[in-house]
Structures are given as structure tokens and as C-alpha cells.
Amino acid sequence: MSKPLNKEILADFCVELVNRKSEILLQALELLERLRTNTSDSLLRIPAELTELLNGEENFEKIVNTKNVEELAELLSQYSTDSMIKVYENNYLKAKFPILAQSQFLDI
């Protein structure tokens, strides 16, 4: 493999890795949204990256009991080996997670 091509592939891989790491906040919000829908008849799939952070009942309880998105982001940054948590526009989050928005979880 030539060096320029190798760098190109690695650059694409690094971008994908950064994008996956920055999705931790969205994954946690998705988990909270699903937990608050009160639909016990569907299985809840937790992504591997989030599972690593929820490696104990205590961490899971802390995340589930957060009062707002700011507290959640702070908690995730403490648990995450990657110190960068991507922050999204509030209107985007409200549109993507209507149940959390309705409970004022996303209000800052």
C-alpha cells in the first residue's frame, strides 16, 4: 500500500472513530428516552460504547437519575476515557428526544 493511500485510509478511520466516541451523549439520551417511554414490551439495546461506561449498577443508576442534559454530559465526561463529549444544539436534541424535551430534561 502506498503511503498517501495509507494516510487516506487512516484519516477516514480516525474520523469514524471520533464520530463514534462523540455519539456517547446521544446514546445516553436515547437510553433515557427509551426508559421514559414506559414500553416494557420492547427490548432495550445498549450500544457497546455506552455499555463500557455502564459497567456497574451504580453507574447505570447515576445516569438514569440525572436531572438534566448538563448533568448527564458532566457525568459521561467523568466516566469516558475520551474527555471530549460532543455538544449538540438544543433544538436538535428537543426534536430528536421529544419525551426528554417534554419533561424539561433538555432545558439548560
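Bear in mind these aren't lab numbers, they're just calculated from the coordinates by the rules spelled out. Note that the structure is a prediction, hence the values are computed from the model and not measured. We place every Cβ from the backbone using ideal geometry, glycine too, and count neighbours over all the protein chains shown.
Miscellaneous remarks
- Spin-label pair Glu57/Tyr79, simplified geometry with 7 Å Cα→Cβ offset, distance in nm: 1.6 nm
- With 0.36 nm allotted per residue and the present C-alpha distance subtracted, the Glu71-Tyr88 stretch has 4.7 nm of extension available.
- Ordering Ile99, Ser77, Val87 by the projection of their Cα atoms onto the charge dipole of the stretch 65-108, which places +1 on the Cβ of Lys and Arg and -1 on the Cβ of Asp and Glu, puts Ile99 at the extreme positive end.
- Gyration tensor (alpha-carbon) shape descriptor, the stretch 29-108, a/c threshold 1.5: oblate
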